Amino acid sequence: MIATEPKASIKGGEFLIKETNAAQVFIPEEFTEEQQMIAATCREFLEREIWPRLDEIDAAKSPELMSSLMDKAGELGLLGTSVPEEYGGFGTNFNTSMLVAEATGGGHSFSVALSAHTGIGTLPIVYYGNNEQKANYLPKLASGEWKAAYCLTEPDSGSDANSGKTKAVLSDDGSHYVLNGQKMWITNGGFADLYIVFAKVDENGQTDKNLSAFIVERSYEGITMNEPEHKMGIKGSDTRQIFFNDTKVPVENMLSDRGNGFKIAVNILNIGRIKLGAATIGGSKEVINHAIRYANERKQFKTPIAQFGAIKHKLGEMALKVYASETASYRAGQNIDDLIEDLKSQGMGDAEAKLKALEQFAIECAIMKVHGSEVLDYVTDEGVQVYGGMGYSADAPMDRSYRDSRINRLFEGTNEINRMLVVDMLLKRAMKGELNLMGPAMAVAKEIMSIPDFNTDEEEGLFIAEKKVLRNLKKTALMVAGAAVQKFTMNLSSEQEILMNIADMAIEIYVAESVLLRVEKLIGIKGEEAVALQKQMALVYLHEAVEKVNNAGRAAITSFAEGDELRGMLMGLKRFTKIEPINLKNARREIADAMIAENKYIF
């Protein structure tokens with residue numbers, strides 16, 4: 001067995017080269033009663049204030065309705081979960097803030113407004129503000145007295161955020177900066193009282209290479225905006241273009257240091273990514289609830305359609321994907337929390353410790369953004385299918401869910417960008433010596449050329465065979481990544497298709513391992529019989545992950561290998577993606593039957 005290490009010593013991306021013990025991972029069943037009560041408050045708010053008004057929210061012609069709903073959320077404390085207690089918030093840990101994101105994730109446009117305010121709108125000040133800035137703004141943001149928006153994207157700078165053209169020029173007397181520029185896709189733009197604005201300082205005609213960040217109040221002169229954008233979905237979210245025309249911003253409102261804006265943007269987006277992943281879990285569960293209820297009510301051939309195998313397949317598959325995504329999200333969230341506490345115990349300040357921890361697990365943040373958003377898209381698409389013709393009707397709930405889900409693959413960096421970031425960060429850490437990827441990759445390359453080990457000595461414990469499958473999947477990813485690095489060296493960044501193939505392998509390995517560890521830990525707590533269905537979900541997900549890793553690996557290998565190298569790598573791929581078959585159909589049916597009996601998602 002590979003030795004395990006204390007929780008706080010785990011590094012981001014290390015899952016590819018080390019085994020994790022089930023005792024090391026956090027599972028959602030471990031949330032405290034207090035945390036569960038916070039989540040229940042969020043869900044009750046959606047049931048009372050949001051779901052009965054979804055049509056009204058989407059049809060709103062002005063931002064007043066959403067602003068008033070945010071006021072009500074503020075009264076319940078839902079806007080201050082991540083704000084320190086000394087500034088009027090609750091100062092909850094990171095995984096609790098993730099739980100809040102999940103619990104409000106089924107709120108459609110409201111969820112978007114809430115996330116923009118509590119996340120990218122407020123957290124830059126929490127993490128980077130000085131004492132005066134925090135004291136001045138955080139109490140207002142935590143209570144909902146003020147609403148926040150985040151102004152980064154410009155017409156010519158989307159994924160390449162640091163190419164923004166908005167400029168900030170220091171006044172002759174040095175008292176303020178003058179902002180000029182245009183921002184677009186600004187969530188909450190129409191009713192925000194405060195904007196986090198990114199611009200490049202221009203001094204004597206020389207423009208800084210990197211962005212700086214500014215806290216800009218709505219009351220400052222020179223701020224104008226377009227009418228709300230007409231969007232495919234999240235229609236109730238107030239999204240605008242914002243213009244800054246000779247807007248004077250006091251010098252004391254620069255956030256952090258000059259030129260530090262791009263780093264702020266990157267770190268805040270890390271937070272936004274993983275929290276978006278958590279929010280998609282809440283949205284997915286709500287879609288499944290609708291689908292199950294409809295399947296139990298809708299009859300064809302005098303039988304509820306929930307009793308048909310094709311529908312059970314869909315419901316079972318929807319559930320296991322959501323269960324897996326939820327599992328991996330909170331595993332990563334707790335890793336972040338553990339490192340925060342470890343760094344603070346070493347004397348690091350709270351804000352700096354949080355930023356260091358989030359930076360360390362940026363790989364997992366990107367993974368969960370991609371996985372969660374694509375699971376939600378899958379679930380909503382299948383939800384439409386369960387509803388049949390009614391799924392296409394605007395009078396049924398799938399219409400809104402389908403349209404609203406699509407934005408999540410674009411939010412917080414497109415999924416393509418995030419996939420490439422996963423591999424880029426892994427390789428950069430390997431080059432810096434922070435992750436020993438090349439050693440294991442070279443060992444795998446040597447193993448491919450050796451005679452397979454047919455040792456049948458059995459280890460003892462739970463999921464022995466499945467853990468061997470996971471170890472082999474990791475070898476597959478290392479084999480492909482190592483060969484690609486050798487082939488392309490510094491030009492690998494131009495091979496985007498291969499990077500995305502490798503990312504898909506890493507994503508599936510991380511999630512499959514996470515769900516297996518969750519079930520192993522649950523069995524240790526409750527016994528195998530009590531979690532038989534969860535075990536089925538873990539096994540089905542692992543089988544599907546093997547197939548996906550195989551497909552992504554083959555796509556990558558055939559993109560660059562030739563001759564003997566091609567044949568050798570394909571042989572390695574075949575060797576490392578073997579798994580003993582099980583009856584996947586029956587497993588999905590059992591999962592679906594349990595939910596059908598309860599008329600809801602039960603996991």
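Restricting Glu508, Glu520 to those that are surrounded by 19 or more Cβ atoms within 10 Å (Cβ to Cβ) and either modelled with pLDDT under 95 or farther than 21 Å from Arg419 by Cβ (or both) reduces the list to Glu520.
Okay, residues lined up against (1) in contact with a Phe, Trp or Tyr (Cβ under 7 Å, 6 or more places away or on another chain); (2) surrounded by fewer than 24 Cβ atoms within 10 Å (Cβ to Cβ); (3) of a type in the set (Lys, Arg):
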| position | (1), (2), (3) |
| --- | --- |
| Leu339 | no, no, no |
| Asp342 | no, yes, no |
| Gly349 | no, yes, no |
| Ser393 | no, yes, no |
| Arg409 | no, yes, yes |
| Thr414 | no, yes, no |
| Arg429 | no, yes, yes |
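If the condition is being among the aromatic types (Phe, Trp, Tyr) and without any contact (Cβ under 8 Å) to a residue 40 or more places away in the chain, then region 377-401 contributes only Tyr392.
Is it true that Tyr195 is in contact with a Lys or Arg (Cβ under 8 Å, 6 or more places away or on another chain), within 17 Å of Ser67 (Cβ to Cβ) and surrounded by 17 or more Cβ atoms within 10 Å (Cβ to Cβ)? So that I can check it myself, show each step before the final result.
Numbers: in contact with a Lys or Arg (Cβ under 8 Å, 6 or more places away or on another chain): yes; within 17 Å of Ser67 (Cβ to Cβ): yes; surrounded by 17 or more Cβ atoms within 10 Å (Cβ to Cβ): yes.
It is true that Tyr195 is in contact with a Lys or Arg (Cβ under 8 Å, 6 or more places away or on another chain), within 17 Å of Ser67 (Cβ to Cβ) and surrounded by 17 or more Cβ atoms within 10 Å (Cβ to Cβ).
Aliphatic (A, V, I, L, M), in a helix (DSSP H, G or I) and farther than 23 Å from Met37 by Cβ: is that true of Leu138 in this structure?
Details: aliphatic (A, V, I, L, M): yes; in a helix (DSSP H, G or I): yes; farther than 23 Å from Met37 by Cβ: yes.
When the stated conditions are applied, Leu138 passes them.
Would you be able to tell me the number of residues in region 205-225 that are at pLDDT 95 or above and outside any strand (DSSP E or B)? So the answer is 6. Residues that are without any contact (Cβ under 8 Å) to a residue 60 or more places away in the chain and over 15 Å from Glu217 (Cα atoms) within region 140-158 comprise Thr153, Glu154, Pro155, Asp156, Ser157, Gly158, listed in sequence order.
Would you confirm whether or not region 560-581 contains a residue that is of a type in the set (S, T, N, Q), closer than 17 Å to Lys474 by Cβ and touching a Gly at 6+ places or on another chain (Cβ under 8 Å)? Working first, answer last.
First pass over region 560-581, keeping only residues of a type in the set (S, T, N, Q): 577.
Subset that is closer than 17 Å to Lys474 by Cβ: 577.
Narrowing the set further to residues that are touching a Gly at 6+ places or on another chain (Cβ under 8 Å) leaves 577.
Yes, region 560-581 contains at least one residue that is of a type in the set (S, T, N, Q), closer than 17 Å to Lys474 by Cβ and touching a Gly at 6+ places or on another chain (Cβ under 8 Å).
Among the residues of region 158-167, are any of a type in the set (Gly, Ala, Ser), over 14 Å from Arg240 (Cα atoms) and either in the same structural domain as Leu410 (by TED's automatic domain parsing) or assigned to a helix (DSSP H, G or I) (or both)?
Filtering region 158-167 down to residues of a type in the set (Gly, Ala, Ser) leaves 158-159, 161, 163-164.
Okay, now just the ones that are also over 14 Å from Arg240 (Cα atoms), so 158-159, 161, 163-164.
If we keep only those that are either in the same structural domain as Leu410 (by TED's automatic domain parsing) or assigned to a helix (DSSP H, G or I) (or both) too, we end up with 161, 163.
Yes, some residue in region 158-167 is of a type in the set (Gly, Ala, Ser), over 14 Å from Arg240 (Cα atoms) and either in the same structural domain as Leu410 (by TED's automatic domain parsing) or assigned to a helix (DSSP H, G or I) (or both).
Looking only at region 272-329, count every residue that is part of a strand (DSSP E or B) and of a type in the set (S, T, N, Q) and tell me the total.
Step one: filter region 272-329 for residues part of a strand (DSSP E or B), giving 299-300, 303-304.
Going one step further and asking which of them are of a type in the set (S, T, N, Q), we end up with 300, 303.
Summing the residues that are part of a strand (DSSP E or B) and of a type in the set (S, T, N, Q) in region 272-329 gives 2.
Within region 516-565, being under 20 Å from Ala503 (Cα atoms), touching a helix residue (DSSP H, G or I) at 6+ places or on another chain (Cβ under 6 Å) and of a type in the set (Val, Ile, Thr) holds for Val549, Ile557.
Consider Ala332 carefully, then state whether it is part of a helix (DSSP H, G or I), on the phi < 0 side of the Ramachandran plot, crowded, with 24+ Cβ neighbours inside 10 Å and touching a Leu at 6+ places or on another chain (Cβ under 6 Å). For Ala332, the condition - part of a helix (DSSP H, G or I), on the phi < 0 side of the Ramachandran plot, crowded, with 24+ Cβ neighbours inside 10 Å and touching a Leu at 6+ places or on another chain (Cβ under 6 Å) - is not met.
Among the candidates Asp246, Asp202, the residue that is part of a strand (DSSP E or B), in contact (Cβ under 8 Å) with a residue 24 or more places away in the chain and at positive phi is uniquely Asp246.
Test Glu352 against the stated conditions and say whether it is in a helix (DSSP H, G or I), of a type outside the set (Gly, Ala, Ser) and modelled with pLDDT under 95. So Glu352 passes the test.
The values are calculated or read from the model by the stated rules, or taken from the named source; none is laboratory data. Here the structure is a predicted model, which is why all the values come from computation and not from measurement. Backbone-built Cβ (ideal geometry, glycine too); neighbour counts: all protein chains shown.
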